[in-house]
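Step one of this worksheet: look at the structure below.
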Amino acid sequence: MHKFNNHWLKLRETIDKKSRNLKVIKLINNKFSKKDCISIIDLGTGAGSNYNYLKPKLKFNQDWVFTDISSSSLNYFKKNLKTSKKIYKTKFKIFDVIGELEKITFSNYNIVTGSAFLDILPRNWFYKFHKFNIKTEIILFALNYNGSFKFYPKHKNDQEIINLFNIDQKTDKGIGSKAIGPDCSKLINNIFNKTHHTYLMNSKWDVVKNYKFQKYFLNFCKEVIKKNNIDYSLWLKFRYQCITKKNSRLILQNKDFLAIKK
Ligand SMILES: C[S@@+](CC[C@H](N)C(=O)[O-])C[C@H]1O[C@@H](n2cnc3c(N)ncnc32)[C@H](O)[C@@H]1O
């Protein structure tokens, strides 16, 4: 989950698109039904999956600012960017959203958003982020890993692997401090419900036929197992065999978080 190479991000995009909760879109479109153009900032843009999903679904015209610490991802996205009549402006900023949060003028934006981003952030970031966004009209963080995934067919070691994986999700994901991991949705919801109407909606991955994707995800599990130095070779063998035989399914629980200013 912590390898943010562009290949993985693109592989995720098709699965993410199918997973996201459509009620979120309805609520946002209702909120801005009378506005002509909406300013949006995307945090941790990566290869642009959040924009690609939201752009056609949002009914209003849009100005976008894309931010990511990775110039490789932002440049990749810039090369592949597709706009439409609804997209008035786009801007790319290579930016550290954790260390330089206070440099963003959040009052310039109607929507602050991100996807598959919250779980890698440190706990104290959430309180700081709220302080700067008390007046923001819409906050949307989609596809937040929620601590549960299942491969089918089942195996007796499944829960042990999930436990290892979840512990690993709370380690430093390359940002210099421990990540919040699967608790991210609960935490952001508890913080924002004082100032906003908040929603946590299901956006689970259900990966049936995309065996390439399943293998990629299984490789992440393999890395976690290796780090922990525990012998789960039989579990891994079983899982890879199921994928090879095309008899495998992966379900992973995510939440979409939406906050609308009270
Ligand atoms: C899992 S990817 C998600 C990318 C994209 N939003 C998506 O849904 O596919 C997380 C992204 O956060 C970016 N990131 C990590 N630390 C960051 C930081 N301190 N500031 C800005 N972006 C960061 C990574 O470079 C990566 O592109």
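Take every DSSP beta bridge whose two residues both sit in the chain; close to 50 percent of them are antiparallel. Over the chain, one equal point on each Cα, no solvent: what is log10 I(q)/I(0) by the Debye formula at q = 0.09, 0.15 Å⁻¹? Listed by q, the Debye log ratios stand at -0.41, -1.11.
3J(HN,Hα) couplings calculated from phi for the range 207-220 with the Karplus curve 6.51 cos²θ - 1.76 cosθ + 1.60 (θ = phi - 60°) are, in sequence order, 9, 9, 9, 7, 6, 4, 5, 4, 5, 4, 5, 4, 4, 5 Hz; Gly and Pro show x. Considering only alpha-carbon pairs that sit under 8 angstrom and 6 or more positions apart, the relative contact order computed for the range 6-261 is 22 percent. Given their separation in residues at 0.36 nm each and the Cα-Cα distance between them, residue 231 and residue 132 gain 31.0 nm when the chain is fully extended. Computing FRET efficiency as 1/(1 + (r/R0)^6) for residue 35 and residue 172, where r is the C-beta to C-beta distance and R0 is 35 Å, gives about 0.30. Pairs exceeding 26 Å between alpha-carbon atoms, taken from 135/186; 10/31; 10/89; 26/255; 178/209; 26/204: 10/31; 178/209. Distance between the pseudo-spin-label points of residue 195 and residue 93 (7 Å out from Cα toward the beta carbon): 1.8 nm. Between the range 170-192 and the range 80-129, how far is it from one alpha carbon centroid to the other, in angstrom? Computed from Cα coordinates, the inter-centre distance equals 16 Å.
The slack in the chain from residue 103 to residue 251, taken as 0.36 nm per residue of separation less the alpha-carbon distance, amounts to 49.5 nm. Counting charges near residue 149 (Lys, Arg +1; Asp, Glu -1) among other residues having Cβ under 10 Å from its Cβ returns a value of +1. 3J(HN,Hα) along the range 118-124: 4, 5, 8, 8, x, 3, 5 Hz, from the Karplus curve 6.51 cos²θ - 1.76 cosθ + 1.60 with θ = phi - 60°, whole Hz, x for Gly and Pro. A straight line joining the Cα centroids of the range 1-67 and the range 225-244 runs 34 Å.
A simple rule links phi to the HN-Hα coupling: the Karplus curve 6.51 cos²θ - 1.76 cosθ + 1.60 with θ = phi - 60°, which for the range 18-35 gives 6, 7, 5, 8, 6, 4, 4, 5, 4, 5, 5, 4, 5, 4, 10, 4, 9, 9 Hz, with x for Gly and Pro.
Amide H contacts of residue 87: 62, each under 5 Å away and 5 or more positions distant or on a separate chain (H built 1.01 Å from N in the peptide plane; Pro and chain starts excluded).
Any read-out appearing in this document is the output of simple, stated calculations on the displayed coordinates, not a laboratory observation. It should be emphasised that the depicted structure is a prediction, and the values quoted were computed from it without experimental measurement. So basically every Cβ, Gly included, is an ideal-geometry build from the backbone, and we count neighbours across all protein chains shown.
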